[in-house]
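The values are calculated or read from the model by the stated rules, or taken from the named source; none is laboratory data. From a predicted model like this one, the values you see are computed outputs, not experimental measurements. Here the Cβ positions follow ideal geometry from the backbone for every residue, glycine too, while neighbour counts run over all protein chains shown. Remember, those area values only see protein heavy atoms, side chains included, never the ligands or the DNA or RNA. Shrake-Rupley method; radii C 1.70, N 1.55, O 1.52, S 1.80 Å.
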Amino acid sequence: MIEGVIDKSPRIETERLTLRKWEQRDLDGLAEMNADPLVREFFPQEISYAVSERMLSRMLSKQETDGFCFPVVEDRVSGMFLGFCGLGILDHSVDWPFEGEVEIGWRLISNAWGKGIATEAARFWLGFGFDTQGFGEVVSCTSARNSRSRSVMQRLGMVWDVSEDFDHPQIEEGHPLRRHVIYRLSRDKFAGQNHD
Ligand SMILES: CC(C)(COP(=O)(O)OP(=O)(O)OC[C@H]1O[C@@H](n2cnc3c(N)ncnc32)[C@H](O)[C@@H]1OP(=O)(O)O)[C@@H](O)C(=O)NCCC(=O)NCCS
């Protein structure tokens, strides 16, 4: 049982990246990324060091129970922390439209943007989720205004259905980031894509 869980987030090397589980030593990299104003443009609040600490501890615990939780992305050659990208299942304390579904999500240090790194890592994890874990569908969600994140979803062939748009339950009415969009990708659609 435990082995089955651990196998859901193997350590992997892609062309340019190492993809791996979270470790306690990732705290400084995570906190630095979360403090970057470019990175948090689409998050409603600042993310302090203490909040990053709690975030890491939640992710460490989720990867123990679920076997995966938005894994770390590192530069394959230098080992530098580049952020996170991959599959996860969020536990929301409030009503959430896709509670319990497998989600794909990403956050990279701003120096790593514009190089196809999120797409490279996400493609690996989608293939792993569909082909190895047998998931039927993967979902992704972002603020409607987050065009960079939406572009990653589109590059991956994910499909947006406007009828699923929703207001984030923890963002107050009138806030520009409140409206959120959901993109989905089925195993069949992924299998029909050209992954060369
Ligand atoms: C969302 C986020 C991960 C997207 O990063 P990104 O670098 O734009 O996305 P990708 O890794 O897919 O890279 C695509 C870009 O790299 C370029 N690129 C360069 N080399 C490439 C390559 N070898 N392969 C693919 N794309 C490449 C693409 O042309 C594209 O450029 P463009 O933005 O000018 O169109 C990043 O902006 C981020 O971390 N934002 C802050 C956190 C956030 O908002 N997360 C989502 C919240 S839900």
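Just a few scattered comments:
- Residue selected from segment 115-130 under the condition within 8 Å of the ligand (Cβ to nearest atom) and surrounded by fewer than 23 Cβ atoms within 10 Å (Cβ to Cβ), by the criterion farthest from CYS69 (Cα to Cα): LYS115
- Residue in segment 85-100 that is without any contact (Cβ under 8 Å) to a residue 24 or more places away in the chain and either of a type in the set (A, V, I, L, M) or touching a Cys at 6+ places or on another chain (Cβ under 9 Å) (or both) present: yes
- Segment 165-186, residues that are under 21 Å from HIS92 (Cα atoms) and open to solvent by 50 Å² or more (accessible area, probe 1.4 Å): ASP167, PRO169, GLN170, GLU172, GLU173, ARG178, ARG179
- The residue that is most open to solvent (accessible area, probe 1.4 Å), counting only those in segment 99-114 that are more than 9 Å from the ligand (Cβ to nearest atom) and either acidic (Asp, Glu) or out of contact with any helix residue (DSSP H, G or I) (no Cβ under 7 Å at 6 or more places or on another chain) (or both), is ASN111.
- Qualifying residues in segment 131-158 (those that are away from the ligand (no atom under 16 Å from the Cβ) and surrounded by 13 or more Cβ atoms within 10 Å (Cβ to Cβ)) - the one farthest from ARG187 (Cα to Cα): GLN133
Yes or no, residue by residue, for (1) open to solvent by 10 Å² or more (accessible area, probe 1.4 Å); (2) in a loop (DSSP other than H, G, I, E, B); (3) more than 14 Å from the ligand (Cβ to nearest atom); (4) touching a Lys or Arg at 6+ places or on another chain (Cβ under 9 Å):
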| residue | (1), (2), (3), (4) |
| --- | --- |
| PRO44 | yes, yes, no, yes |
| ILE47 | yes, yes, no, yes |
| GLU53 | yes, no, yes, no |
| CYS69 | no, yes, yes, yes |
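- Residue match in segment 78-98 (condition: part of a helix (DSSP H, G or I), open to solvent by less than 30 Å² (accessible area, probe 1.4 Å) and within 14 Å of the ligand (Cβ to nearest atom)): no
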